[in-house]
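Chemist: One structure, pasted below without further comment.
Coordinate-derived values only; no laboratory data. None of these values were measured; they are calculated from a predicted model. Cβ sites come from the backbone with ideal geometry, for glycine too, and all protein chains shown count toward neighbours.
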Amino acid sequence: MNRRTENDQFLQIRQKCRLEERVKGSKFIASAAPVETDEEAVNFIGEIKKEFHDASHNCWAWRVGIGKKLKYRYNDEGEPSGTAGQPILKSIESINVSNVCVVVTRYFGGAKLGMGGLMRTYGQITLALLRSSEPSKKYSEEFFEFIVGFDFVNVAHYIVESFSAELEDSQYGEKVTFRGKIRASRLPEFKSKLIEATNGQIEFK
């Protein structure tokens with residue numbers, strides 16, 4: 001498998017999930033949700049904060065996209081700097097999960113865990129939660145739009161299907177416009193095949 005193909009792969013959890021652990025009297029509740037945008041992540045964080053409004057801390061991290069489209073944020077939410085949000089994010093990254101938001105809630109139990117203890121606990125519970133969710137393999141996708149004449153409609157459909165691309169819309173006018181999305185690593189070859197099959201009589205948007 002070439003490097004380009006590897007770089008468009010990631011794991012994504014299927015649904016919301018939760019895991020609870022106790023460490024030296026403190027209760028830790030890790031909650032995760034699949035998200036597609038930073039707005040969805042912020043909304044999920046708000047939901048958890050509302051649900052556990054009386055907790056000592058609601059620390060979080062989210063990661064959306066992959067490669068050049070990758071975005072992420074994290075926050076310690078009152079825990080010592082670097083002991084919560086960043087370990088959560090590092091655990092997300094360590095197994096290449098994306099499009100996910102994780103919030104780890106802590107109810108303080110009276111015993112201090114120390115910097116190292118906090119980092120291990122926040123990181124480990126995140127890792128355990130994500131692994132238990134059995135995330136599925138996903139691929140980064142790119143949108144495509146192209147216009148061809150009626151003589152090339154059938155061949156265009158054939159190439160879209162042969163590349164396992166998702167055709168979302170096709171509009172018929174003087175020519176035919178195809179819109180959809182395809183695995184990112186396959187887009188250059190996809191365009192090349194279309195150009196070849198239409199003898200260059202194709203317009204990409």
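Chemist: List the lysines whose alpha-carbon lies under 21 Å from that of K24, not counting same-chain residues fewer than 8 positions away?
Modeler: K112
Chemist: Roughly how many Å is it from the Cα centre of the stretch 41-98 to that of the stretch 174-205, as a whole number?
Modeler: So the separation of the two Cα centres works out to 38 Å.
Chemist: Can I ask one more? Show that you can apply the helix-only estimate: for the chain, add -39,500 (n - 2.57) for every DSSP H stretch of four or more residues, divide by all residues, and state [θ] at 222 nm to the nearest 500.
Modeler: When only DSSP H runs of four or more count, the value is -10000 deg cm²/dmol.
Chemist: Right, here's the next one. For the stretch 191-205, take each phi angle, set θ = phi - 60°, evaluate the Karplus expression 6.51 cos²θ - 1.76 cosθ + 1.60, and give the result in whole Hz per residue in order, putting x for glycine and proline.
Modeler: Karplus-based 3J(HN,Hα) across the stretch 191-205 equals 5, 4, 5, 5, 4, 5, 5, 9, 6, x, 8, 8, 10, 9, 9 Hz.
Chemist: What percent does the relative contact order of the chain come to when contacts are Cα pairs within less than 8 Å and at least six residues apart?
Modeler: Relative contact order of the chain: 23 percent.
Chemist: Which residue, chosen from V155, Y172, P188, occupies the Cα position most advanced towards the positive end of the dipole of the chain, where the dipole is computed from +1 (Lys, Arg) and -1 (Asp, Glu) charges on Cβ about the Cα centre?
Modeler: So the residue furthest toward the plus end is P188.
Chemist: Please list, in order along the stretch 129-145, the HN-Hα scalar couplings obtained from phi with the Karplus expression 6.51 cos²θ - 1.76 cosθ + 1.60 (θ = phi - 60°), rounded to whole Hz, x for Gly and Pro.
Modeler: So the J values, rounded to whole Hz, are 5, 5, 5, 5, 6, 6, x, 9, 6, 10, 10, 5, 10, 10, 7, 10, 8.
Chemist: For a quick check: with amide H placed at 1.01 Å from N, whose amide H comes under 5 Å from I95's, ignoring anything fewer than 5 positions away on the same chain?
Modeler: Those lying under 5 Å, H to H, from I95: there are none.
Chemist: Roughly how many whole Å is it from the C-alpha centroid of the stretch 19-35 to that of the stretch 123-138?
Modeler: With the stretch 19-35 and the stretch 123-138 each reduced to a Cα centre, they are spaced 13 Å.
Chemist: Among bridges DSSP assigns within the stretch 3-138, what percent are antiparallel (round to 5)?
Modeler: 95 percent
Chemist: What number do you get for the chain when its Cα radius of gyration is normalised by 2.2 N^0.38 Å, N = residues?
Modeler: Ratio of Cα Rg to 2.2 N^0.38 Å: 1.34.
Chemist: Sorting R14, R179, R106 on the 10 Å Cβ count, fewest up front, what's the list?
Modeler: On the way: R14 10, R179 15, R106 26.
The order, fewest Cβ neighbours first, is R14, R179, R106.
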